[in-house]
Structure formats: structure tokens, C-alpha cells
Amino acid sequence: DLGVVADVADKIAVMYAGRIVETAPVHELYANPAHPYTKGLLRSIPRLDQKGQDLYAIKGLPPNLLKVPAGCAFNPRCERATDLCRSELPQLVPVLDAEGADLPGRRSACHFWKETLHG
Ligand code: SF4
């Protein structure tokens, strides 16, 4: 429950299919996620100003952990997935600001974290 997490945590680690896919100070992650799964989770939080509208849901289902997709496990559900995502497991790498400086505590396991962060 991301609403509860925001109240009780300073840092957050988002997991998908048994792996950490993003870490960040909690308010930075909410304001500007650097992984498409985190972005989807945040979009699916109900908001009072969207009363009466359909809730957003990430398409598809989480994978069977005995048969995790090749490459990035999130690729079958990701709107940004490419052939690279389907073949190469993204490592958890530092997330940098627009000037190339390390953002403390921020890591993302997405080949396209830059595009996700700034897109
Ligand atoms: S690595 Fe590719 S499939 Fe995985 S989250 Fe990033 S863009 Fe999506």
C-alpha cells in the first residue's frame, strides 16, 4: 500500500518478480519514479480528484516465479519494452540527474530509466 508507505518510511525499495527494481527516498520516488513498474503502481493509486473515473491498472499479471520472462521480468507488461528488454536483464544502476550527478539513494533496474525519469 503505497499510501501507507509514504507515511511510515524514509526510503523505499520496489520489488518485482523477486528482485528490487527501484530504490529511492520515498518522496523522490513518488514525485519522479525511474522505473515503469513504479510509475504504473503510482498511477493506480485511487485519487479523490478522479472520483467516478476508472482506476488505472497495469496490463497483464505478475509472472509465475518458476517461469520468469527472459531479460527484464516486467517486459510483457511494460509499454516501453524493446528487444533489449526481452534479452538482457537490467542491473540496478545509479540514477543520475540531468547534469549527470548521482542522486543519493536512487537506483533503477531499467534499461530506460533516463527516459522514464524525464519522460
Ligand atoms: S527494462 Fe525495458 S521492459 Fe524493463 S521496465 Fe525498463 S523499459 Fe520496461
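Every number in this text was worked out from the coordinates using simple rules, so none of it is lab data. Here the structure is a predicted model, which is why all the values come from computation and not from measurement. As a convention, Cβ positions derive from the backbone with ideal geometry for all residues, glycine included, and neighbour counts pool all protein chains shown.
When only residues in region 5-51 that are among the β-branched types (Val, Ile, Thr) and in contact with a Phe, Trp or Tyr (Cβ under 7 Å, 6 or more places away or on another chain) count, which is nearest to Pro69 (Cα to Cα)?
Top of the filtered list is Val21.
For residues that are under 9 Å from the mean Cα position of the chain (by Cα) and in contact (Cβ under 8 Å) with a residue 40 or more places away in the chain, scanning just region 30-41, find the one that is farthest from Arg80 (Cα to Cα).
Pro33
When you go through Leu103, Leu117, Leu84 one by one, which is the residue that is closer than 15 Å to Leu29 by Cβ and part of a helix (DSSP H, G or I)?
Leu117
Among (1) touching a Phe, Trp or Tyr at 6+ places or on another chain (Cβ under 8 Å); (2) more than 10 Å from the ligand (Cβ to nearest atom); (3) small (Gly, Ala, Ser), there is one condition Ser87 misses while meeting the rest; what is its number?
(1)
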